[in-house]
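Undergrad: One structure, as structure tokens, below. Some questions next.
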Amino acid sequence: PESYAVLDGTTVDWGDATDNVKVTKGKFGAAFAYQSLEGDAELQFAENGGAGLFQIDLELPLVIGDDCWNTGVDVTLHAVCPGTTAKLVWVGPSSTASSNDGMNCPYQEKPTALPTTAVPIPVPTAVPSYKPTTLKPTSEPTSPLPDMTYEPSLQPTEVPPTRAPTPSQVTYAPTMAETSPAEVASFNCTAYEGALLRVEDRDLTLRMADGSFATVWELPGDATGVALHTESSEEEDADEDAETRLYGAFDGELCEFDAERKRCLGPLEFEPDAATIVDWTYYYGKDLGSEDGKLAFVEDVDDEPDFPEAWDFPMAHFNGTLRSFVLLRDFEDIEEDVGEDSTYLGSGDEGEYLVGVSDDGKVVVIKLDDGEPEEYAVLHASYDGEGPVTSMVFDGDAVYFTSDALYKIDLPIIVAEWCWDGEDVVCYYNEDEGEAEDEKYMPLITYAGPADAGGSSGLVCGSLTFEEALPSYAPTPEAGLGLEPFDCSVNFHPVQVMKPEDEDYYSVMQLDPASGEYEEIYDLEHLITEDGHVNAVDLWLDGDKYYVAGSVRDDDDEDSKLCFFDSEGRVCYDNPLEEVKANAGCILGDNFYYAKDLGEDGDDGARSVYWVEGIGSEEPVFHSKDEAEFVVNEDLFEKSVLDFVGISETVNEFIDDGEEERSYLVGLGQGFEVVVIRLKDDGTPESYAVLESGVGCADVNSLGQPVDCADFNAWWEDEERDEDETSAFGAAFNFRGPTPEAPDNAWAMVQTYFASNEGWGIFELVYPLEIPEECWNSGEEHSECDETAQLLWRMPSEKSKSNDGMNCPL
């Protein structure tokens, strides 16, 4: 920067600007420079007070003589340039702003008639007639808009600014209430089309892609029962452009409001917990769900509002009170009638029903007659969330709300005829049996995306929009972990988390049984650094969804943690695991078992099997090395066990050890030794046994399917094969299924497989194993069992490294 000049005067061409935006001074906190590909330039400045967007007229060039340029540090010698003027042209509206700065993409096509990004917030009231003055920039620009450093992908962002908006382009300039002495502006729904907004304390907030809520602007006071009215095109007096206005309760009065001011219409009967507005009728309630529940409404809030008295409306049979509700009508498009005289709720012209959701996930429907509550129904629903339910919205297609995430209620909601008469306390639920019934009627509540808990009132402009569907291996994220369940519908073959031979990152790979090659499901480059480590993985069953979990070390100087992960993210416990870089692991029920180089000595001596009890809970127990009841003798089998599976006896006995219905971990040493760890009833690893095994191949597997043993037999019986050669078995798999004795028990049968890291193939362990009591090692003297096991080659598999196995069990 060399020098600067200040022009003696500035004139303003206000063009089509209305009188109420014309000011004599302004603060300009945002500047924009546009340049065409031909080199023409346009300079624009936004006034922070909302006076508008101004452009310097460069058709009359700025003539600044050499003696006008100020330099040096003695500011008493600096002066304005005499006889020089500039011309500003008002080119469009702009919102009020604070703590702001401008930027723009410099090269743009000619502007089109699109709306600007300006949030229509009222500008200062009109001042006496304009007198040209020198407009000086401000060093303290300000703006109420959020510092959005990323755009919400689950809802569209605001429309980018056009190159040079003109007054004719503005399609949604602020509309002032005709009867409003406070000149309250309408709400700019165009800027938030398809997005979810909600009120949090005194802030209007916008839901972002990660489920957080960014502040849009601060409310002009403490408000409850905030509701957004959207003037539909079907209303007789609707303008060409739909008009949207905000209403809420301020200090006991119903007020229309914007970001800076409010216009109050009259006193309410009570301070509302929940509210909604439809067709200019404001419905509000308090303590709904208790014996002190109240309900009321205000008609014609746009013109001479009427405030009837409230109705007492005690309610029960659900947890908490309704903090939010929406208004639905009799659904018009019924494709299939599931019950005579049932009520179908959704979009329509007839009927009035307030619909809320209780904290325990029950759908509550209140039937109204000209605004007066008649009766209500409590419906059991399919809901896996938890926490207070807030921010309900109806976007015309479905109902949404937030609790621990964003949830969707499909329409229509069906209220069977018997749900109104009070015979059932909770409809669609058998209290005697403690289970759902009439599930074809039950409301369906599904996870729709992440959302932080909190807030009160919810607002929506148009239909909520979401990201495109994920690929087949990545089902929609579920509640709780916020991760994508593993898709067992397409990934039902053996799966490994491994480093492919020619790559330096881990991938989730599925075996092609015909070729023995592994095909990538997704990579894990996002999960750890290049020096990180992933192993000891398995699938954890949560309800009817499977999630990948295992030992994850982010970098080579960090602890290993137990983490759940998917193709894009992870959720880890803070507690470190007892072993860094565990390389054997499995999940049995809600317990995670893991080990490192089991059978080899580590820095602290012989190693054992460790476990985390109660994974998926809020406070799992990380059992320490000091709690281990045995260590493994390195002399009993070749090198180490690098993976194991967990089995539990229910119908059939898999381990013949004189014990009934016990659980075990089963792994394979590098010389085909079978290693079995027996667990106590509480899940603690109790003792272990080691069995030598015979290896072969049968032409038919345990399912009666043919096996081609030719290649295996040729290799195994080759006289030149080194019989002392060993292989790690770094991936173990456990498949379950029914048996002829238990055709209805999907978990009765066990098939356990181990994959050779050297590419020898996949081998099945034949059950049952006979392991007498003297074979179990837990004290000082450990020995190998005299009994033997049988391993059968089943299919080819390619070489692998730094790997671990998992599979969908059924």
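The values are calculated or read from the model by the stated rules, or taken from the named source; none is laboratory data. Predicted model, so just to flag it, every value in this text is computed and none were measured. A quick note on method: Cβ atoms are made from the backbone with ideal geometry, for glycine too, and the neighbour counts reach across all protein chains shown. Side chains included, ligands, DNA and RNA excluded: accessible areas come from the protein's heavy atoms. Shrake-Rupley method; radii C 1.70, N 1.55, O 1.52, S 1.80 Å.
Undergrad: Which of the residues belonging to the stretch 279-306 are open to solvent by 40 Å² or more (accessible area, probe 1.4 Å) and in a strand (DSSP E or B)?
TA: LYS286, LYS294, GLU299, ASP306 - these are the residues of the stretch 279-306 that are open to solvent by 40 Å² or more (accessible area, probe 1.4 Å) and in a strand (DSSP E or B).
Undergrad: Which members of the stretch 507-531 meet the condition of being open to solvent by less than 10 Å² (accessible area, probe 1.4 Å) and either farther than 22 Å from PHE644 by Cα or within 25 Å of the chain's Cα centre (by Cα) (or both)?
TA: Once the filter is applied, which keeps residues that are open to solvent by less than 10 Å² (accessible area, probe 1.4 Å) and either farther than 22 Å from PHE644 by Cα or within 25 Å of the chain's Cα centre (by Cα) (or both), the stretch 507-531 yields SER507, VAL508, LEU524, LEU527.
Undergrad: Listed residues ALA732, ALA689; which is within 38 Å of the chain's Cα centre (by Cα) and of a type in the set (Gly, Ala, Ser)?
TA: The conditions single out ALA732.
Undergrad: Can you confirm whether the stretch 731-751 contains a residue that is among the small types (Gly, Ala, Ser), more than 19 Å from VAL641 (Cα to Cα), modelled with pLDDT of 90 or more and out of contact with any Cys (no Cβ under 9 Å at 6 or more places or on another chain)? Talk me through it step by step, then tell me what you get.
TA: Pass one, the stretch 731-751, residues among the small types (Gly, Ala, Ser): 731-732, 737, 742, 746, 748.
Imposing the further condition that a residue be more than 19 Å from VAL641 (Cα to Cα) reduces the set to 737, 742, 746, 748.
After this cut, where a residue has to be modelled with pLDDT of 90 or more as well, the list is none.
Within the stretch 731-751, none of the residues are among the small types (Gly, Ala, Ser), more than 19 Å from VAL641 (Cα to Cα), modelled with pLDDT of 90 or more and out of contact with any Cys (no Cβ under 9 Å at 6 or more places or on another chain).
Undergrad: Right, here's the next one. Tally the residues that are in a strand (DSSP E or B) and without any contact (Cβ under 8 Å) to a residue 40 or more places away in the chain, restricting the search to the stretch 619-656.
TA: 1
Undergrad: Go through the stretch 356-380 and give me each residue that's touching a Phe, Trp or Tyr at 6+ places or on another chain (Cβ under 8 Å) and aliphatic (A, V, I, L, M).
TA: VAL357, VAL364, VAL365, ILE366, LEU368, ALA377, VAL378, LEU379
Undergrad: Can you go through PRO738, PRO743 and tell me which one is surrounded by fewer than 14 Cβ atoms within 10 Å (Cβ to Cβ) and free of Cβ contacts under 8 Å to residues at least 60 places away in the same chain?
TA: On the way: PRO738 fails: surrounded by fewer than 14 Cβ atoms within 10 Å (Cβ to Cβ).
Result of the check over PRO738, PRO743: PRO743.
Undergrad: May I ask you to list the residues in the stretch 611-654 that are within 25 Å of GLU780 (Cα to Cα) and of a type in the set (Ser, Thr, Tyr)?
TA: Answer for the stretch 611-654, where residues must be within 25 Å of GLU780 (Cα to Cα) and of a type in the set (Ser, Thr, Tyr): SER624, SER640.
Undergrad: Oh, and also: Out of (1) among the hydrophobic types (A, V, I, L, M, F, W, C); (2) exposed (fewer than 15 other Cβ atoms within 10 Å of the Cβ); (3) under 37 Å from the mean Cα position of the chain (by Cα), the odd one out for TRP715 is which?
TA: The one condition TRP715 does not meet is (3).
Undergrad: Name the residues in the stretch 440-453 that are open to solvent by less than 30 Å² (accessible area, probe 1.4 Å), out of contact with any Cys (no Cβ under 9 Å at 6 or more places or on another chain) and assigned to a loop (DSSP other than H, G, I, E, B), would you?
TA: PRO443, ALA451
Undergrad: Also, I was wondering about something else. So which residues in the stretch 99-117 are open to solvent by less than 40 Å² (accessible area, probe 1.4 Å) and either among the aromatic types (Phe, Trp, Tyr) or at pLDDT 85 or above (or both), if there are any at all?
TA: ASN100, GLY102
Undergrad: Does the stretch 719-741 contain at least one residue that is polar (S, T, N, Q), assigned to a loop (DSSP other than H, G, I, E, B), closer than 23 Å to LYS581 by Cα and touching a Ser or Thr at 6+ places or on another chain (Cβ under 8 Å)?
TA: Yes, because at least one residue in the stretch 719-741 is polar (S, T, N, Q), assigned to a loop (DSSP other than H, G, I, E, B), closer than 23 Å to LYS581 by Cα and touching a Ser or Thr at 6+ places or on another chain (Cβ under 8 Å).
Undergrad: Would you pick out the residues in the stretch 370-396 that are more than 28 Å from the chain's Cα centre (by Cα) and among the hydroxyl-bearing types (Ser, Thr, Tyr)?
TA: Across the stretch 370-396, the qualifying residue is only TYR376.
Undergrad: Being over 33 Å from the mean Cα position of the chain (by Cα), open to solvent by 60 Å² or more (accessible area, probe 1.4 Å), modelled with pLDDT under 50 and within 25 Å of GLY396 (Cα to Cα) is the requirement here; does GLU240 meet it?
TA: Numbers: over 33 Å from the mean Cα position of the chain (by Cα): yes; open to solvent by 60 Å² or more (accessible area, probe 1.4 Å): yes; modelled with pLDDT under 50: yes; within 25 Å of GLY396 (Cα to Cα): yes.
Yes.
Undergrad: Assuming LYS581 fulfils every condition listed in (1) closer than 27 Å to ILE521 by Cβ; (2) in a strand (DSSP E or B); (3) open to solvent by 50 Å² or more (accessible area, probe 1.4 Å) apart from one, which condition is it?
TA: For LYS581, the exception is condition (2).
Undergrad: May I pose another question? Pick from the stretch 752-793 the residues that are among the charged types (D, E, K, R) and assigned to a strand (DSSP E or B): which of them is farthest from GLY646 (Cα to Cα)?
TA: ASP786
Undergrad: OK, next. Anything in the stretch 247-271 that is over 22 Å from TRP217 (Cβ atoms) and part of a loop (DSSP other than H, G, I, E, B)? List them, or say none.
TA: Once the filter is applied, which keeps residues that are over 22 Å from TRP217 (Cβ atoms) and part of a loop (DSSP other than H, G, I, E, B), the stretch 247-271 yields GLY252, LEU268, GLU269, PHE270, GLU271.
Undergrad: Still on this structure, please answer the following. Could you please give the count of residues in the stretch 531-558 that are under 19 Å from LEU483 (Cα atoms), in a loop (DSSP other than H, G, I, E, B) and among the small types (Gly, Ala, Ser)?
TA: The qualifying residues number 1.
Undergrad: Is it true that SER358 is in contact with a Ser or Thr (Cβ under 6 Å, 6 or more places away or on another chain) and modelled with pLDDT of 85 or more?
TA: no
Undergrad: Spot the failing condition for GLU661; the list is (1) in contact with a strand residue (DSSP E or B) (Cβ under 6 Å, 6 or more places away or on another chain); (2) farther than 26 Å from VAL497 by Cα; (3) in a loop (DSSP other than H, G, I, E, B), and only one is missed.
TA: Only one criterion is unmet by GLU661, namely (1).
Quick grid of which residues meet (1) open to solvent by 60 Å² or more (accessible area, probe 1.4 Å); (2) under 18 Å from VAL621 (Cβ atoms); (3) not hydroxyl-bearing (Ser, Thr, Tyr):
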residue: HIS533; (1), (2), (3): no, no, yes
residue: LEU541; (1), (2), (3): yes, no, yes
residue: ASP554; (1), (2), (3): no, no, yes
residue: SER560; (1), (2), (3): no, yes, no
residue: GLU568; (1), (2), (3): yes, no, yes
residue: PRO576; (1), (2), (3): yes, yes, yes
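Undergrad: Related question: Where the second residue is β-branched (Val, Ile, Thr) and surrounded by fewer than 21 Cβ atoms within 10 Å (Cβ to Cβ) and the first is under 23 Å from LEU254 (Cα atoms) and modelled with pLDDT of 90 or more and lies in the stretch 193-222, which pairs have Cβ atoms under 6 Å and are six or more apart or on separate chains?
TA: Listed by first residue and then by second, the contacts come to ASP203/THR215; LEU204/VAL216; THR205/THR215.
Undergrad: Now for a different question. Enumerate the pairs (first residue in the stretch 693-721 and free of Cβ contacts under 8 Å to residues at least 40 places away in the same chain; second residue anywhere and part of a helix (DSSP H, G or I) and exposed (fewer than 15 other Cβ atoms within 10 Å of the Cβ)) with beta-carbon separation below 9 Å, excluding pairs fewer than 6 apart on the same chain, so at least 6 apart or on different chains.
TA: Within 9 Å, the pairs are ARG721/TRP715.
Undergrad: Among residues belonging to the stretch 650-697 that are within 24 Å of GLU634 (Cα to Cα) and of a type in the set (Lys, Arg), point out the one that is most open to solvent (accessible area, probe 1.4 Å).
TA: LYS680
Undergrad: Of all the residues that make up the stretch 19-44, how many are in contact (Cβ under 8 Å) with a residue 40 or more places away in the chain and open to solvent by 60 Å² or more (accessible area, probe 1.4 Å)?
TA: Qualifying residue count, the stretch 19-44: 5.
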